[in-house]
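Below you'll find the structure, written out as structure tokens, and then a few comments.
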């Protein structure tokens, strides 16, 4: 709680004789607000002080109570009272001092509350989105795309040099299938009009025909081999498929304001696989198994990692190992984060185990951030079967719903402004759905849940922001003038229960950022934003703000609304959700 924790930790350190850092590491939060603001457990001191924890808490209370009587002591200006509850020492902060500290910190942080330079000089690579060339960008890709962007933003907000990687699926046997399918059934005019749609059509047709004519699979494998060998015809088709796919993908990325620093796909690393084979051979790690080359990982409780198939061709594991080696040489990364679905857990465990066997320093720098699946109630997605829902379709539905509400609420707005607001709300509602729950939980999409404007949703958070903005718009000029001339004595008036609850939620926001980044779990931050919004709305409905008893109190409450606005906007932007000033 700003520097108030430091003051309490210093007092305890002086009373006990252990370091201030060790004291602060033991701080916890009482289970109920009525039990205090900070709790200090005394169990770990029993051995050192040779006393029962309950006795330690009681003795410390007596010693620290003496400091509360000294008005010149910073401790007395920080703590209202102390209670010994069993083996815990509970501190009740002075509400006026707490309010002053929180608002001071909020104003100083401006539009970046909780930001830090903790990661200065450290490079973090975040690989996410990674759609397959020639396949639709469907709602399943939304999970990796929105989760990865939020994780990248969390690290960037803490001062890390973040490199956003989009590891495109632009290589592999599926391209052999696509080449064969194109030669048989491709339509150039259709490709020009709707590239992904045409490529999807022939890909689906390949699998339908292969059930009748199995030799098509062999033909596809031969086509991919020719592609690997640099055959001019196959390479030309591959380049065409890649370029037309990227054009469509980039339209979606522009819409959701996501931009990548690196778009190297599997094909980029394919030419580096001979080095992987050489390094594994030199280390004596590459062994033959049924004509294929593998790395035995039995000692790590994993299945063998296939490096070369029996025909000598590589697989995506070989290319992923090459990618790790390349990235470490180029960026000397602090973290190399893969935002890829749960089904790939075994694959990444194998890759990381191989890196360890190769002697990579600190192999734990490679991290797999797994997430669940996305489906609708009527089945799973499959490009082969054609039962897919495009991400843009989901975004369009959210925007259309938002537009209807904005038109009803603000009939006087012009079309351009309605379009802008509806786009932000609709896209924000969809993004929130991907991020709000724990990332390893599956998302069962239903239009009602995605577009619900009640409860724990992005529109609720966005509406809270607009409520804060509206208060400032409607405020009396005299109050606004006092707000601009911020005074600590005004902030000290915010001692009511609802005001204090809002202040505490503001303080917890930076803590949620640290937790979300540490666990690669943006939902931890999202939940804190929701708690703040709910606390503010309770305060809004229970407390006169614009009609406060005097100008100083009105200015203080407006300053609190401003702090809430800053915090919510910062969190929303980290989540990739653009705030609006009216809804």
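Odds and ends about this structure:
- Number of positions in the range 23-38 that are surrounded by 13 or more Cβ atoms within 10 Å (Cβ to Cβ) and assigned to a loop (DSSP other than H, G, I, E, B): 5
- Single residue of 266, 211, 215 found to be modelled with pLDDT under 95 and touching a helix residue (DSSP H, G or I) at 6+ places or on another chain (Cβ under 9 Å): 266
- Listed by position, the helices (runs of 4 or more DSSP H) contained in the range 439-549 that have at least 2 residues being under 22 Å from residue 143 (Cα atoms) and in contact with a helix residue (DSSP H, G or I) (Cβ under 8 Å, 6 or more places away or on another chain) are 447-450, 458-474, 497-518, 523-542.
- Residue match in the range 107-119 (condition: in contact with a strand residue (DSSP E or B) (Cβ under 7 Å, 6 or more places away or on another chain), over 18 Å from residue 263 (Cα atoms) and assigned to a helix (DSSP H, G or I)): no
- Single unsatisfied condition, residue 51 versus (1) in contact with a helix residue (DSSP H, G or I) (Cβ under 9 Å, 6 or more places away or on another chain); (2) outside any helix (DSSP H, G or I); (3) within 28 Å of residue 510 (Cβ to Cβ); (4) at pLDDT below 95: (3)
- Residue match in the range 336-354 (condition: without any contact (Cβ under 8 Å) to a residue 40 or more places away in the chain, over 23 Å from residue 228 (Cβ atoms) and surrounded by 21 or more Cβ atoms within 10 Å (Cβ to Cβ)): yes
- Residues being without any contact (Cβ under 8 Å) to a residue 60 or more places away in the chain and assigned to a helix (DSSP H, G or I) - total across the range 222-238: 10
- One residue stands out among those in the range 281-324 that are in contact with a strand residue (DSSP E or B) (Cβ under 7 Å, 6 or more places away or on another chain) and part of a helix (DSSP H, G or I): the one that is surrounded by the fewest Cβ atoms within 10 Å (Cβ to Cβ), which is 317.
- Qualifying positions in the range 117-161 - surrounded by fewer than 24 Cβ atoms within 10 Å (Cβ to Cβ), under 14 Å from the mean Cα position of the chain (by Cα) and free of Cβ contacts under 8 Å to residues at least 60 places away in the same chain: 156
- Residues of the range 77-111 that are free of Cβ contacts under 8 Å to residues at least 40 places away in the same chain and either under 34 Å from the mean Cα position of the chain (by Cα) or crowded, with 18+ Cβ neighbours inside 10 Å (or both): 82, 84, 94, 108.
- Any chance residue 86 is under 26 Å from residue 344 (Cβ atoms) and either at pLDDT 95 or above or in contact with a helix residue (DSSP H, G or I) (Cβ under 8 Å, 6 or more places away or on another chain) (or both): no
- Set 59, 6: member being assigned to a helix (DSSP H, G or I), modelled with pLDDT of 90 or more and over 23 Å from residue 98 (Cα atoms): 59
The values are calculated or read from the model by the stated rules, or taken from the named source; none is laboratory data. None of the values given here were measured: they were computed from a predicted structure. Note that each Cβ is placed from the backbone with ideal geometry, even for glycine, and that neighbours are counted across all protein chains shown.
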